[in-house]
Every structure is written in structure tokens, then in C-alpha cells.
Amino acid sequence: MITQQHYIHRVLLHFNIFSLLGVLGGACPFFVAAAQADLPPQRHFTFDLPAQPLSQALVIYGEITGLSILVRGNLTAGRQSSPVRGELTADEALRALLAGTRLTVVYTSGSAFTLQPQNRNSLDRDREISSPALLRGAYRAQLQRGVSRLLCSLQPANLGRYRLGMQLWIDAAGKVVRVHILNSPGAEQWGADVKRVLETRELVAPPIGLRQPITLLLRVQTDIRAECRRVNIGQG
């Protein structure tokens, strides 16, 4: 059986509407940030997290804040989080949670981050920043946010009501050139509308060498209004 130790443990907590499946087509072994990006929005959240296994704490943290994390499974294995309590911003809470783990946070965007050991030297970091694999990792979060915003704006009545799979082909300028709706529960009810919304739209230009199509899964949601408010925070 394939375990976390052989593959990356991906906690995709920001992907409440979408699960991005097979974006890299197996081309890259793991995804981290291309460079430190903007901090998440400075709203405050209520935390009451005891010390616990780090992987478990990150899941709960993501459910509270809506942020996503892309991290190796073996990076969190055997590590304990520190307790986090009170009214804190997402960044303040994350740094408190990581206290004592010897891990540091690197933001890929205002809505996603990865973790890395604190003792990594500058040469290692420079090599990571120049790696195409890292650019692909950051692209995942950017694409998800762009599609979320678009459907929140143009299809708010249906978003979250249906489970719908699709494949996208995106050109070098970020324009959606083809949409294929997969045979999924929401295809008949909503597939044509989603296809019409996404076709010819400009989203995010893919990194060079990204294997396509990109597969997305829209999931059923109970509070889509809150999700749409969150993905539009900081929209400019």
C-alpha cells in the first residue's frame, strides 16, 4: 500500500469548493512556494487549539482560516503543535502553532502556504525558488482562487449545490481555450452553464511545461456565501 511516506501529504484546506486533481500529471514529486508572497488577510479568528500532532492541528487550522497548505507528509510526521488560543490573525496563529517545531512558514499567496525546516541554508532556498516545480505549486493556488472568484460572481445561485468534475485547457496567456465536463452528478444540471462561464475567460497563465488538461472537482457546499466572501477578500 502506498503511504504518506512515499507521497506528499497534501492538506488542501483552502480548496473548499474545488479539489484540483492531477494538475501536474505526476510530473513533480512535491509542491512548495516559488517565493514568499503576501500574508493572508488580517482578519481575526477565534482559536482554541490544544497541543496535538502537527498534521492534525494543521487540518483544524485550515478549517478555521480557509488557508491551504502544501507540504511533505514526512515533514509533519512526529511533530507536535503548540497550543493556540484567543483572537488572532491567520498568520499570528500559524506562527504560534509552529512554535517549537523547527519549521517555518512560506506563503505562496494570500491564501496558501508551505512549510520548510528553519535550518535550511540560503543556497537550498535559492535552488528551490528557481525550480519550475515550485512555480507549478504556486500556480495551483492561484488558479483555484481565480476560478472560485469567477463562479462566485457569475453563478452564485448554483455554486455549491452540485458536485461537478471538469477538465480545462489554458493557453500561455491564461485564456481558457477548452472546457470538458466530466460525467459527474452535477453534469446535467449545471455542466452547460459552467462551461459557458469558463470558456474564453482569462484566468492564470500556466507555468512552462505544465501538463494539461487540468482537472477540477466542484464540491457540494453548505455555506457558499461565506466561501465566496473569503475568496474575494483582497481582490484587486
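Exposure proxy check: Ser153, Ser148 ranked by fewest other beta carbons within 10 Å?
Sorted ascending by nearby Cβ count, the order is Ser153, Ser148.
Taking other Cβ within 10 Å of each residue's Cβ, how do Ser82, Ser111 sort, fewest first?
The fewest-first ordering by Cβ neighbours comes to Ser82, Ser111.
Every read-out reported here was derived from the displayed coordinates using simple, explicitly stated rules and does not represent laboratory data. Because the structure is predicted, anything quoted here is derived from the model rather than measured. Positions of Cβ are generated from backbone atoms using ideal geometry, with glycine treated the same way; all protein chains shown enter the neighbour counts.
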